[in-house]
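The values are calculated or read from the model by the stated rules, or taken from the named source; none is laboratory data. These numbers were taken from a predicted model, which means no experiment stands behind them. Positions of Cβ are backbone-derived with ideal geometry, glycine not excepted, and every protein chain shown enters the neighbour counts.
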Amino acid sequence: MILISLIAWLLAGGLLAWYSGRWGGNWPRWISLITLVVHLAMLAGLWAGYAGKANLSQPASWLAETDLPWIPALGIRFHLALDGLSLLLIVLTNFLGIVAVAASWQGIRYRLGFFHFNLLWILAAIVGVFLAADLFLFYFFWELMLVPLYFLIGIWGHENRIYATLKFFIFTQASSLVMLAAILGLYVIHGRGTGVYTFDYSALLGTQLSSFTGTMLMLGFFVAFAVKLPVVPLHTWLPDAHTEAPTAGSVDLAGLVLKVGAYGMLRFLVPLFPRAAAAFAPVAMTLAVAGIIYGAVLAFSQRDLKRMIAYTSISHMGFVLLGIFAWNQLALEGAVIVMLAHGISTGALFVLVGDLQDRMHTRDLDRMGGLWSIVPRLGGVGMLFALASLGLPGLGNFVGEFLVLLGAWQVNIPLTVLASLGFIFSTVYSLWLVQRAFHGENTNRWRLPDYNRRETGIMAAMIAAIVALGLYPQPVIDTASGALQTLRGLAPGYHQTQGSPGAAAAVQDGKDAGLPAGMASGAARDDGSGA
Amino acid sequence: MLSLLFLIPLLPFAGFAALTLAGRWLGRRGATAVGAGSVGLAALLALALGLDFLLAPPAGHAYSQTLWTWMRVGSFAPGIAFYLDALSLVMILVITVVSFLIHIYSTGFMAGDDGYRRFFAYMNLFVGSMLTLVLADNLLLLYLGWEGVGLCSYLLIGFWYRDPANGRAARKAFIVTRAGDTAMAIALFLLFTSLGTLRIQDLLGLAATRWQPGSGIAVAAALLLLGGAVGKSAQLPLQTWLPDAMAGPTPVSALIHAATMVTAGVYLIARTNTLFILAPDVRLLVAIIGAATLLLAGFSALTQRDIKRVLAYSTMSQVGYMFLALGVGAWSAAIFHFMTHAFFKALLFLGAGVVIQGLEEEHDMFRMGGLRRQLPLVFWTFLIGAASLAALPLVTAGFYSKDLILWDAWSSPDGSPWLWAAGLAGAFLTSVYTFRMVFLAFFGRPRGAAVSRRPGRSMQAPLLVLAVLSLVGGFVEAPKLPLLSDYLSHALPALPAGGSAALELALELIAIAASLAGVYLAYHLFLRRPEQAKALAETSAGRLLHRWWFAGWGFDWLYEHALVLPYAGLARAGRSDLFDLAVTGIARLAAGTGRLLSRTQTGRTRWYAAGIAAGAIIILALMVTS
């Protein structure tokens, strides 16, 4: 039941916040904040409970599960399940939710109740996505996420918001329909083969598929996830949506919505279609490297600060894609850490741009410059997160990117070398950002207030998080490792099919090959590092 | 006592944290106390610890200390762990002592700057990172220190951020070295994947047993590490950032761009010497890079007008000597030269800083002159530094270290007379450009303004201490009494003795002659007959060479046109995102088609009837013909 309450609490908080909009004042803000803080306490309790036991870092069945009949005639169940991976991502969701509420404290001035309703419902839907263990339910939450986000950008966004929301909606909606078709295809094929028509995740694992249908269905999922992640060339909705969204929307988009795409690949795409995914891996990894470089080059040339950060997102998420399709322990742990670190660092940069825009009413880099001398605290924060972005060791992004590359090296050396160039290109754009916004002479004679206590508090929390992740990521690694081992156990044939230089890892994977596909596969403790 | 090792890097880091977070409450005095005090404590601790280490060496002449496991994923488990042996001990002693002296100097030098606190925060961060770099027990932690010093270099070069030129120099330094760092990161992937660990000592042991000398993998690993080293140490072909790095405050140039950070590449190669021993071709490449850099930089130093740029090229050239030594397997000679160079080059930079500040930010040596009388203390200490740099015989530290490198370059099994000759030519160039600087700045008649500001005690004391060190620092390694090499042999392979004593003496005399001849030439051309120098530079060949050397042999131009401009052009061309153009193209097409078709919705019955009729006819026709 705890899993249902994780979602229901946010939904209820959202409704109350909407209603409280009638009372005026700060009611919706406080209600949202309290809802999220209580939610955080629930999560902390859960995490502490699991961390005490050994089952987090061991491959095992779910940590918690709720399975209720929903539409029995169609084999649809209300099946929620939690493992270490979902737990981490839900914690990130909550953290960025609090950040979004706190960062919008002064920026949002009209229709407060409805704003916070949308915010909380987005978070609830995302939590649902991370918990769903039934494909129909997953799709339900996947779509539920979209509507409040549409309102959030469309109502509280910037100048060009209508264009951006339309584009965003068309991209995600079209790709989601492709995924729906793939889900239905899988449902039907599984039903015909076994006589059991079900959308249940565990049941659908290991469905026998011919290589052609497997590939087609896999691509159906891939398109939907690739749009969200985003993967070049399906990324073009992202710069517009991020740029036009209000700060809270950008934080949620970059921090969470993109992660949903990565999560889908980890949880569904590879385990459901291991062979098709493995055959597709070289293509996916090439797209990943293309994204890393393309995003970084374009980020360098942007004049709109927000747009620039949006392009850096594309670059960073390339590392996630690379890690997922390298599919060994190092790369997967790395991908999870990049997801978290990117959520924090890019989230912080979007909050920072929002703060700048509130003060300057522009995001144009050409009109900035020299801000360091007037808002040193803000400048220092910007510098720190720019450094996180360029992968400075000691900050979270480095740990993730390094692990991804270390894992990917065992699978594909040339692509890893190309991806490493991302280190250079990210340095170029990060330093350029700092130069254009903060260094130089304050030629436009800006006189802005520096960070107040609320803003300093938000940034202090985010800095603490990114430094902790950079210097002591072990709790996160341990929390994810059991879930990741289970996932790897679900796709035992991955590295054989791939037939790549990751031969060492493949041999170890071979040990799992005889195990039945299922949640409690108890994958052998392999490290996949090939060492 | 040794268990306090972690405090040595931690103290400066704590200083950084205090200055950043609590800077406002500290005030200026507090900032001085924290900034210089943290490094001073670290230096004291390093001295005490070093003494303890010397008197009661731990088993195996090495001590390791693990604070915590940084990240553990399967068998990949690098720690936040430090490793102290003879090599890292020498490094931390030099780093902490020189850093402390420069911090003391900075309290005077930066006194009037409104970024005083920020300056010390960055400097402390740098010292902490540099100590982490040399104490790291695994390559990943070393990489953390490595990137940390790169960051501080960027922050401090661009310290006076209001001038975009400083920002440009800072970015250039960071990006160029980052290119090398990326090669180094790839080396880490390669080493871990094939050896299964990043702990330096384990890794070297495994490589020695598993890899064949000259095997492809050993060559690849050594080459990639070399990529990192040439970036940080400003050697060919990644040397271009160092002269521009002089945009930073002068203490920064002394500390980061002379004494410590630029020698990180030397440390890296010495630390991973086994890998380079397994790759003889790469070692030869190291020696050639060193020789080429020391010559190219020497020629460029001859033509500069800016006193700091002379010193920058000189640093590049002296680090070239260290690379030359590494290349021929003279590991301890390289570390010896690192040490003496840290003393005399820091001294020269600090002296130049006094001069520049005294003359109201005048960098041009041709507008100085006659400073001997106005700044006597600076003159004498600068002269000592210059003598050490030019390796004037017997009394200077630089003489002993450079002489050792020259002899090893000839006599080592991997050495050759060619490498020795390059080093000798470099020694001649060194003493010419060094004394050109001395004669132009301190002798003759004043050509510019008079000195308006004299150094206080906080700036004089470090000059004196460094001058003493520049004189006596060489005695730790007299030819007959190689204390330092003997000690370093606990950590670095010793070079087998080669050649005869007579040959050694003969070569030594030639080297002495070369450096004295250089001084004389400088005296002749820049003090006695400056018109001859001018005439020489006015010939057409002279003018061409002068321009070429002055511009650092055109590397900047080449990189600007081959890399920077194409990249910027590409980025600008793609600004509006080609893929987005395709998407919006589809959208426009759909909208356009819709508009076109909507024209047919005229609302006139006649048109509709005609349309239906035409359609019916076409369908009928198709049915009939098929």
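Quick check, is A:Gly107 closer than 22 Å to A:Ser345 by Cβ and either in a loop (DSSP other than H, G, I, E, B) or at pLDDT below 90 (or both)? Answer is yes for this residue. Of all the listed residues (A:Arg77, A:Arg29), the sole one being crowded, with 19+ Cβ neighbours inside 10 Å, in a helix (DSSP H, G or I), among the basic types (Lys, Arg) and at pLDDT 85 or above is A:Arg29.
Looking at the stretch A:123-130, is at least one residue hydrophobic (A, V, I, L, M, F, W, C) and surrounded by fewer than 19 Cβ atoms within 10 Å (Cβ to Cβ)? Checked against the condition, which is being hydrophobic (A, V, I, L, M, F, W, C) and surrounded by fewer than 19 Cβ atoms within 10 Å (Cβ to Cβ), the stretch A:123-130 yields no hits at all. Apart from one condition, A:Thr66 fits all of (1) out of contact with any helix residue (DSSP H, G or I) (no Cβ under 8 Å at 6 or more places or on another chain); (2) surrounded by 15 or more Cβ atoms within 10 Å (Cβ to Cβ); (3) of a type in the set (Val, Ile, Thr); the exception is (1).
Is it the case, given these coordinates, that A:Glu455 is under 27 Å from the mean Cα position of the chain (by Cα), more than 20 Å from A:Gly291 (Cα to Cα) and of a type in the set (Asp, Glu)? Yes. Where helices (runs of 4 or more DSSP H) fall wholly inside the stretch B:190-261, the ranges with 3 or more residues that are surrounded by fewer than 24 Cβ atoms within 10 Å (Cβ to Cβ) and not hydrophobic (A, V, I, L, M, F, W, C) are B:200-210.
Note on the stretch B:205-235: residues that are under 12 Å from the mean Cα position of the chain (by Cα) and of a type in the set (A, V, I, L, M) total 3.
Does at least one position in the stretch A:362-369 carry a residue that is among the small types (Gly, Ala, Ser) and assigned to a loop (DSSP other than H, G, I, E, B)?
Here is the first cut: in the stretch A:362-369, the ones among the small types (Gly, Ala, Ser) are A:369.
In the following step, the residues that additionally are assigned to a loop (DSSP other than H, G, I, E, B) were identified as A:369.
Yes, that holds for at least one residue.
Please go through the stretch B:52-104 and give me each residue that is at positive phi and assigned to a helix (DSSP H, G or I), ordered by number. Matches in the stretch B:52-104: B:Gly60, B:His61.
Reported count of residues in the stretch B:116-175, each being of a type in the set (D, E, K, R), at the interface with chain A (Cβ under 9 Å from one of its Cβ atoms) and in a helix (DSSP H, G or I), is 4.
Annotation: B:Ser3 fulfils all but one of (1) surrounded by 14 or more Cβ atoms within 10 Å (Cβ to Cβ); (2) farther than 12 Å from B:Thr96 by Cα; (3) of a type in the set (Ser, Thr, Tyr); the unmet one is (1). Against the test of being in contact with a helix residue (DSSP H, G or I) (Cβ under 6 Å, 6 or more places away or on another chain) and β-branched (Val, Ile, Thr), the options A:Val375, A:Val404 yield a single qualifying residue, A:Val404.
Quick one: B:Leu67 ticks every box in (1) closer than 21 Å to B:Leu93 by Cβ; (2) within 14 Å of chain A (Cβ to nearest Cβ); (3) of a type in the set (A, V, I, L, M) except a single one, so which number is it? Result: B:Leu67 fails condition (1) only. Please go through the stretch A:360-391 and give me each residue that is within 30 Å of the chain's Cα centre (by Cα), in contact (Cβ under 8 Å) with a residue 60 or more places away in the chain and closer than 23 Å to B:Leu21 by Cα, ordered by number. Of everything in the stretch A:360-391, those that are within 30 Å of the chain's Cα centre (by Cα), in contact (Cβ under 8 Å) with a residue 60 or more places away in the chain and closer than 23 Å to B:Leu21 by Cα turn out to be A:Arg377, A:Leu378, A:Val381, A:Leu384, A:Phe385, A:Ala388, A:Ser389.
Tell me which residues, restricted to the stretch B:479-509, are exposed (fewer than 13 other Cβ atoms within 10 Å of the Cβ) and either in contact with a helix residue (DSSP H, G or I) (Cβ under 7 Å, 6 or more places away or on another chain) or β-branched (Val, Ile, Thr) (or both).
B:Leu483
Residues of the stretch B:70-85 that are crowded, with 17+ Cβ neighbours inside 10 Å and more than 8 Å from chain A (Cβ to nearest Cβ): B:Pro78, B:Gly79, B:Ala81, B:Phe82, B:Tyr83, B:Leu84, B:Asp85.
Got a sec? Which of B:Ser458, B:Ser485 is in a helix (DSSP H, G or I) and within 30 Å of B:Trp331 (Cβ to Cβ)? Reasoning before the result, please.
Working: B:Ser458 fails: within 30 Å of B:Trp331 (Cβ to Cβ).
B:Ser485 is the lone residue from the list that is in a helix (DSSP H, G or I) and within 30 Å of B:Trp331 (Cβ to Cβ).
Please pick out the residue among A:Phe114, A:Phe95, A:Phe130, A:Phe136 that is in contact with a strand residue (DSSP E or B) (Cβ under 8 Å, 6 or more places away or on another chain) and part of a helix (DSSP H, G or I). Let's see the steps before the verdict.
Working: A:Phe114 fails: in contact with a strand residue (DSSP E or B) (Cβ under 8 Å, 6 or more places away or on another chain); A:Phe95 fails: in contact with a strand residue (DSSP E or B) (Cβ under 8 Å, 6 or more places away or on another chain); A:Phe130 fails: in contact with a strand residue (DSSP E or B) (Cβ under 8 Å, 6 or more places away or on another chain).
After applying the criteria, what remains is A:Phe136.
A Cβ distance below 6 Å, combined with a sequence gap of six or more or placement on separate chains, defines the contacts here; from the stretch B:166-191, residues that are over 19 Å from A:Leu406 (Cβ atoms) reach residues that are of a type in the set (D, E, K, R) in the pairs B:Ala169/B:Asp244; B:Lys172/B:Asp244; B:Thr177/B:Lys232. For the stretch B:365-416, filtered to residues that are at pLDDT below 90 and among the hydroxyl-bearing types (Ser, Thr, Tyr), the residue that is surrounded by the fewest Cβ atoms within 10 Å (Cβ to Cβ) is B:Ser416.
Within the stretch B:187-244, the residues that satisfy the criterion of being more than 13 Å from chain A (Cβ to nearest Cβ) and of a type in the set (Ser, Thr, Tyr) are B:Thr209, B:Ser215, B:Ser233, B:Thr240. Only one of the numbered conditions (1) at pLDDT 90 or above; (2) more than 14 Å from chain A (Cβ to nearest Cβ); (3) closer than 18 Å to B:Met123 by Cβ is violated by B:Leu49, and that is (3).
The C-beta contact set for the stretch B:309-337 (first residue over 21 Å from B:Leu284 (Cβ atoms), second residue outside any helix (DSSP H, G or I) and not aliphatic (A, V, I, L, M), distance under 6 angstrom, 6+ apart or interchain) comprises B:Val310/B:Gln304; B:Phe336/B:Glu477.
From the list B:Gly320, B:Gly265, pick out the single residue that is small (Gly, Ala, Ser) and under 20 Å from B:Ala391 (Cβ atoms). Give the steps one after another, and end with the answer.
On the way: B:Gly265 fails: under 20 Å from B:Ala391 (Cβ atoms).
That would be B:Gly320, the only listed residue that is small (Gly, Ala, Ser) and under 20 Å from B:Ala391 (Cβ atoms).
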